[in-house]
Amino acid sequence: MSAVLEPNAAAPAPWVSAYRASDVEITQAVTAPLFARPGKFWWIALLVSAPFVAWLVAALVWVFYEGIGVWGVNSTVVWGVAIADYVWWIGIGNAGTLISAMLLLTRQRWRASINRFAEAMTLFAVAIAGLMPIVHLGRPIYAYWLAPYPNTMSLWPQWRSALVWDFWAIISYLLFSILFWYVSLIPDLATMRDRTTSRTGQLLYGAFALGWSGSVRHWRALRILHTTMAALGVPLVCSVHSIVGLDFAASLMPGWQESIFPPYFVVGAMYSGFAMVVVLALAIRWGFGLQAIITGRHFDVIGRVLLMSSIVMGYSYATEWFMGWYGGARSDRSLVAFEFTGTYAPLFWALLSCNVILPQALWFPRVRRSFAALFAIAIAINVGMWLERILIVWNTLSHGYMPSLWRVFHFTIWDLAFVIAPLGFFAFLFLIFVRLIPAVSMFDMRELAHRENVA
């Protein structure tokens, strides 16, 4: 990296330490890792993630062959790890586009350093999330019945089913996320087209750049389209995870029939998504040497967002407990007591520690500026949010209205496969992404550098 891109201690904490660099130097800093040979750490990470991909494929094949009875589900706890994974991954996916769209509409300058890989995170997470309900169907060969299509039997989807809502939510959101990510990528693809020396690279990047020339007309059309899509994206993201919350809230089970679930799920998605962005940002910053582009100030702001989200999550938990007590229903009060003292109580206390108690350390600026502390808190938040998703399922289904139906979920090796293996698959996809596409938006960074220089 050019010396001009090194952090300047005398500068008043700009969003990008490269604000004195030229466009060429910023472009060089972002594209250099793509044209260089993969380093040993990239190969090690790829080799470590590859067995998890194989593990996921094996788990999918075995479940398709043997049936979902290989999981710990039973006649009472009919939902298990797959549904919890679905909610967790769709939350991670929702956050990427929500972060990028909201920061664009509110003109937050620090968006430039994180929007590209946050949107890529969305694509991979939503793709993984979409697998989970299909696997959980029991008969995945009939998954296409969820879509309305002309057929001789005049069969149509049951629109009162939450599964149909999820189908349309995932499809619409995935298509929108691909387009939103791709539109902002076009100028950078043109840059890659012009800089690569490989004929194959020139053809591929050129085809996807759609003839971008950087003219005023092209820039104007891009700005209008990107801003319009961002305005459409925010309500879409909120509606998608609200629909996921309605999967539970539309039922009659104790602990689920709550009007707070849709906004509560949206905040939880943003919470876990920002935590995942911290993990990815630290990895990209260290792996590609982008310390001047992803600065400590970015992590300080994200730490503040995580702190605020943890407070909202704590308030949401307290609201659930209060309404369970205030409503006076014996089943709701019994469920709240079961959460704190029942079979899954250790997991519930771990959830509260990860999601509410531990993030309170972010009140201190020293913690927000410590990369090690922020990384540990981000990992803890993601663990806590997964525990929240699984306990929403386990607690209610294990402790419903009839004591004769109270049963406990017992983890199996195949449940573990669907918890861990998708993480390796996600890492594998992300490692491929950073070798093919600029992980940071070059045109956004150049614009930000110019603004910082003028300011």
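The values are calculated or read from the model by the stated rules, or taken from the named source; none is laboratory data. Because the structure is predicted, anything quoted here is derived from the model rather than measured. Here Cβ is always computed from backbone atoms with ideal geometry, including for glycine, and neighbour counts include all displayed protein chains. Heads up: the accessible areas ignore ligands, DNA and RNA and are worked out on the full protein's heavy atoms, side chains in. Shrake-Rupley method; radii C 1.70, N 1.55, O 1.52, S 1.80 Å.
Brief remarks follow.
- Cα centroid separation, the stretch 341-378 to the stretch 252-301: 13 Å.
- Take the Kirkwood radius over Cα pairs of the stretch 173-233, plug it into Stokes-Einstein at 10 °C and 1.306 mPa s, and you get 129 µm²/s for translational diffusion.
- Solvent-accessible area per residue for the chain (1.4 angstrom probe, square angstrom): 46
- Residue-level accessible surface for residue 443, protein heavy atoms, 1.4 Å, Å²: 10
- Trypsin sites (Lys or Arg not before Pro) lying in DSSP loop within the stretch 128-233, provided at most 10 other Cβ fall within 10 Å: 160
- The charge dipole of the chain, taken about its Cα centre with unit charges on the Cβ atoms of Lys, Arg (+1), Asp and Glu (-1) only, comes to about 1020 debye.
- Computed over protein heavy atoms with a 1.4 angstrom probe, the accessible surface ordering of 166, 23, 194, largest first, is 194, 23, 166.
- The accessible-area ordering, largest first, of the residues 293, 420 stands as 420, 293, per a 1.4 angstrom probe.
- Its relative contact order, with pairs defined as Cα atoms under 8 Å and 6+ residues apart, puts the chain at 31 percent.
- Adding -39500 (n - 2.57) for every DSSP H run of four residues or longer, then dividing by how many residues the chain holds, sets the calculated 222 nm ellipticity at -24000 deg cm²/dmol.
- Helices in the chain that qualify as membrane-span-like (whole DSSP H runs, Cα extent of at least 24 Å along the helix axis, mean Kyte-Doolittle hydropathy of -0.5 or higher) are 40-66, 81-105, 115-136, 162-195, 216-249, 261-288, 296-326, 371-398, 413-436.
- Solvent-accessible surface (1.4 angstrom probe) belonging to residue 377, in square angstrom, nearest 10: 10
- When the Cα gyration tensor is reduced to axis lengths a ≥ b ≥ c, the ratio a/c is 1.5 or higher for the stretch 299-431, and with a/b not above b/c it is classed as oblate.
- Solvent-accessible area of residue 216 with every protein chain in place, 1.4 Å probe, in Å² to the nearest 10: 120
- Positive-pole candidate from 373, 393, 425, dipole of the stretch 342-455, charges at beta carbon: 373
- Sequence-distant contacts, meaning Cα pairs under 8 Å at least 6 residues apart, place the relative contact order of the stretch 229-329 at 25 percent.
- Accessible area in the full protein assembly, largest first, 1.4 Å probe, for 191, 343: 343, 191
- The relative contact order of the stretch 78-206 comes to 22 percent, based on Cα pairs under 8 Å that sit 6 or more residues apart.
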